[in-house]
1. Using 7 Å Cα-to-Cβ label points, what is the Ala89/Val22 separation (nm, one decimal)?
2. With θ set to phi - 60° and the Karplus curve 6.51 cos²θ - 1.76 cosθ + 1.60, what are the ³J(HN,Hα) couplings of the range 75-90 in order, to the nearest whole Hz, using x for Gly and Pro?
3. Would you look at the GNM of the chain, springs on alpha carbons closer than 10 Å, and say which of Val22, Val52, Val83 moves the most?
4. Among Ser10, Ser67, Leu37, whose Cα projects farthest towards the positive end of the dipole of the chain, with charges put on the beta-carbon of Lys, Arg (+1) and Asp, Glu (-1)?
5. Give, rounded to the nearest 20 debye, the magnitude of the charge dipole that the chain has about its Cα centre when Lys and Arg contribute +1 at Cβ and Asp and Glu contribute -1 at Cβ.
6. In what order do Arg104, Arg36 fall by count of nearby beta-carbon atoms within 10 Å, going from fewest to most?
7. How high is the FRET efficiency from Thr74 to Ala11, r the C-beta distance, R0 30 Å, rounded to 0.05?
8. Among (i) -0.30; (ii) -0.46; (iii) -0.39, which one is log10 I(q)/I(0) by the Debye sum over Cα atoms at q = 0.11 Å⁻¹ computed from these coordinates?
Amino acid sequence: MPFWLELVVSAFLIIGSAFALVGAIGLYRLPDFFTRLHGPTKATTLGVGGIVIASAIFFSHRGDGLSLHEVLITLFLFLTAPVSAHVLAKAAMQQKLPCTARTRGKPWD
């Protein structure tokens, strides 16, 4: 494998890992459910996306081209993460979960 390709794969892995770390820290540190929902749905989705892109580049160079597995994982990830976040937010609004005073937009009031 050429050196420049190893650098590209390493860069995608580091960027993806950084996004996943930021998402995990956001999940831990944010105060209420509605703000905490953004960590895993936004940053972690980008983090896993970066790692899957690195995997696709690495294994497409070593093997027979782009694998269907990486394409399906990416498609599944980018379709299900926003949908599940929307469903969780709607369920939390129906349950009228408590939120901090800084959270704006309370449609149940």
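1. 1.9 nm
2. Calculated HN-Hα couplings, in order: 4, 4, 5, 6, 8, 7, 4, x, 5, 5, 5, 5, 5, 5, 5, 5 Hz.
3. Greatest mean-square fluctuation among the candidates belongs to Val83.
4. Leu37
5. Numbers: 9 positive and 5 negative charges, 130 e Å.
For the chain, the charge dipole is close to 620 debye.
6. Arg104, Arg36
7. 0.95
8. Calculated log10 I(q)/I(0) by the Debye sum over Cα atoms at q = 0.11 Å⁻¹: the matching label is (ii).
Read the figures in this text as sums done on the coordinates, not as results from a lab. Quick caveat: nothing in here was measured; it's all calculated off a predicted structure. Using ideal geometry, Cβ is built from the backbone for each residue, glycine included, and neighbour counts are taken over all protein chains shown.
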